[in-house]
Amino acid sequence: MLTLPDKILIGGLVIVALLSFPAIRHFYPEGKRVVIELDGDVVGDFSLKEDRLVPVEGKLGTTWVKMAEGGVRIVDSPCPYKLCIKSGSIHRAGETLICLPNRVVARIVGVEEEAVDAVSR
Amino acid sequence: MRRIKRNAIISSLVAMSIVVHSAEMFVPSPFPWLRFGFANIIALTAIALYGLRIGLMVTILRVFMGTILVGTFLTPAFFLGMGGGIGSTLVMGFAYRKLKALFSLVGISVMGAYTHNIVQLTIVYLLFIRHAEVFYILPVLLLFGILTGILNGVAAIYLTTYMARFSLAQFESIS
């Protein structure tokens, strides 16, 4: 069913796709700061260079945001499903951790921050 | 008479691709943005049997009617579907026209899937999320696109041989 050019094409495209993993990583540096939002308001802005444990008082209780080794994760939260904790650790600019029940968002930003994240519809 | 036959072919291909596209919603995927693009099977079949112009028409009509049916008309999903669909159909159409001797439908389908992903991500970047971070996802999409491209290409080979045996094949010359 597959011709030889087919196989060469597919092989070539697989190589391009695999090479684009490190290429993309190269173009996007690690995030510099983490912004913590509660109900849409910015309540904290920290450098990722220092390790710290930040309590955020949300609707349901305290969400603990931990910064360590250049990454951010939520270590404890009063939400029912703990999705934010299961999301693990984030490192790169643009990545977010969201605890929807407690209205807490931890977002990594690069050097500069744009006013609008996304416009849709 | 020729016009009626042409419309009948386009209509049945559009109907097929809408059904296939909707049925795809029930296929489990680890991420909502990873989709198989089964409608590509129909687009490729249309190109192989009736030419690029009918393939393009089928794709455009499919996106219009499919999004009106599921209520995403003129939302981002519509523009993504339209851009990716037109882009991949054009690439597959020209590839089929010029490189038919070299590549099977599998190779052409993979080209289409690759184009589809790149065009869609570019549209996301240009129209919706103006953050370079959207391209993080590109390598995953490209790899997955090769897989779905192969699957769709194999399916298109079966569908074209199946359809060629039936009555639609007698209109083959009209495109």
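List the accessible area buried at the contact between B and A, summed over both sides and calculated with a 1.4 Å probe, in Å² to the nearest 100. Before the final figure, lay out each step's value.
Numbers: alone 9660 and 8580 Å², together 15940 Å².
Roughly 2300 Å².
Can you compute 3J(HN,Hα) from phi for each residue in the range A:13-20, using the Karplus curve 6.51 cos²θ - 1.76 cosθ + 1.60 with θ = phi - 60°, rounded to whole Hz and x for Gly and Pro?
Per residue, the Karplus-derived 3J(HN,Hα) values read 5, 4, 5, 4, 5, 5, 5, 6 Hz.
Build a GNM of chain B with springs between Cα atoms under 10 Å: which of B:ALA113, B:ALA132, B:ALA164 gets the top mean-square fluctuation?
B:ALA132
For the protein assembly as shown, what does the accessible surface come to per residue with a 1.4 Å probe? Please give it in Å².
Values: 15940 Å² over 296 residues.
Per residue, the protein assembly as shown has an accessible area of 54 Å².
Please express the shape of the protein assembly as shown as an equivalent ellipsoid: the semi-axes are the square roots of 5 times the eigenvalues of the C-alpha gyration tensor, given largest first in whole angstrom. Walk me through the numbers before you get to the answer.
Numbers: eigenvalues 413, 87, 46 Å².
The answer is 45, 21, 15 Å, longest axis first.
Quick one: give the max-minus-min coordinate of the C-alpha atoms of the range B:114-157 along each principal axis, largest first, in Å.
Rounded to whole Å, the extents work out to 39, 17, 10 Å.
Would you please classify the overall shape of the range B:63-138 from the alpha carbon gyration tensor, given that a ≥ b ≥ c denote the square roots of the eigenvalues, rounded means a/c under 1.5, and beyond that prolate means a/b larger than b/c while oblate covers the rest?
Details: a/c = 3.12, a/b = 1.49, b/c = 2.09.
Oblate, since a/c reaches 1.5 and b/c is not below a/b.
First measure r as the distance between the Cβ atoms of A:ARG25 and B:ALA8, then evaluate 1/(1 + (r/R0)^6) with R0 = 51 Å and state the FRET efficiency to the nearest 0.05.
Values: r = 51 Å, r/R0 = 1.00.
With R0 = 51 Å, the Cβ-Cβ based efficiency is 0.50.
Stokes-Einstein at 10 °C, 1.306 mPa s, Kirkwood radius from Cα pairs: D for the range A:54-97 in µm² s⁻¹? Walk me through the intermediate numbers first.
Values: Rh = 10.8 Å.
So the translational diffusion coefficient is about 147 µm²/s.
Taking a cut-off of 23 Å between Cα atoms, list the lysines near A:LYS59, but don't count ones fewer than 8 places away on the same chain.
A:LYS82, A:LYS86
Where the centre of each part is set by its Cα atoms, how far does the range B:66-80 sit from the range B:90-146, in angstrom?
A separation of 20 Å, based on Cα centres.
When chain A is modelled as a GNM with alpha-carbon springs shorter than 10 Å, which of A:PRO22, A:PRO101, A:PRO78 fluctuates the most?
A:PRO22
Are there chymotrypsin sites (Phe, Trp or Tyr not before Pro) in the range B:76-175 that DSSP marks as loop and that have at most 13 other Cβ atoms within 10 Å, and which are they?
Working: sites: B:PHE78, B:PHE79, B:PHE94, B:TYR96, B:PHE103, B:TYR114, B:TYR125, B:PHE128, B:PHE135, B:TYR136, B:PHE144, B:TYR158, B:TYR162, B:PHE166, B:PHE171; in loops: B:PHE103, B:PHE166.
Counting only loop positions with at most 13 other Cβ atoms within 10 Å, the chymotrypsin sites (Phe, Trp or Tyr not before Pro) in the range B:76-175 are B:PHE166.
With labels modelled as points extended 7 Å from the Cα through the Cβ direction, what inter-label distance (nm, one decimal) is found for B:LEU147 paired with B:ALA164?
Rounded to a tenth, the inter-label distance reads 3.0 nm.
Would you calculate the separation in nanometres between label points at B:LYS100 and B:ARG35, each defined as 7 Å from the Cα along the Cα-to-beta-carbon direction?
A separation of 3.0 nm, rounded to one decimal place.
Lysines near A:LYS32 by alpha-carbon distance under 20 Å, same-chain residues fewer than 8 away left out - which ones?
List returned: A:LYS49, A:LYS66.
Based on the Cα gyration tensor of chain A, what are the three equivalent ellipsoid semi-axes, each the root of five times an eigenvalue, rounded to whole Å and given largest first? Could the numbers behind the result be given before it?
On the way: eigenvalues 266, 57, 43 Å².
The three semi-axes for chain A are 36, 17, 15 Å.
Relative contact order for chain B: what percent, with Cα pairs under 8 Å and sequence separation of 6 or more? All intermediate terms of the calculation are to be shown ahead of the outcome.
On the way: 208 pairs, mean separation 47.0, N = 175.
Relative contact order, chain B: 27 percent.
What does the range B:1-138 give for Rg and for Dmax, in Å, if only its C-alpha atoms count?
According to the Cα coordinates of the range B:1-138, Rg and Dmax are 15.2, 53 Å.
The values are calculated or read from the model by the stated rules, or taken from the named source; none is laboratory data. Everything numeric here is computed off the predicted structure, so don't read it as measured data. Methodologically, a virtual Cβ is constructed for each residue, glycine included, from the backbone with ideal geometry; neighbour enumeration extends over all protein chains shown. Note: accessible area is taken over every heavy atom of the protein model, side chains too, but ligands, DNA and RNA are not part of it. Shrake-Rupley method; radii C 1.70, N 1.55, O 1.52, S 1.80 Å.
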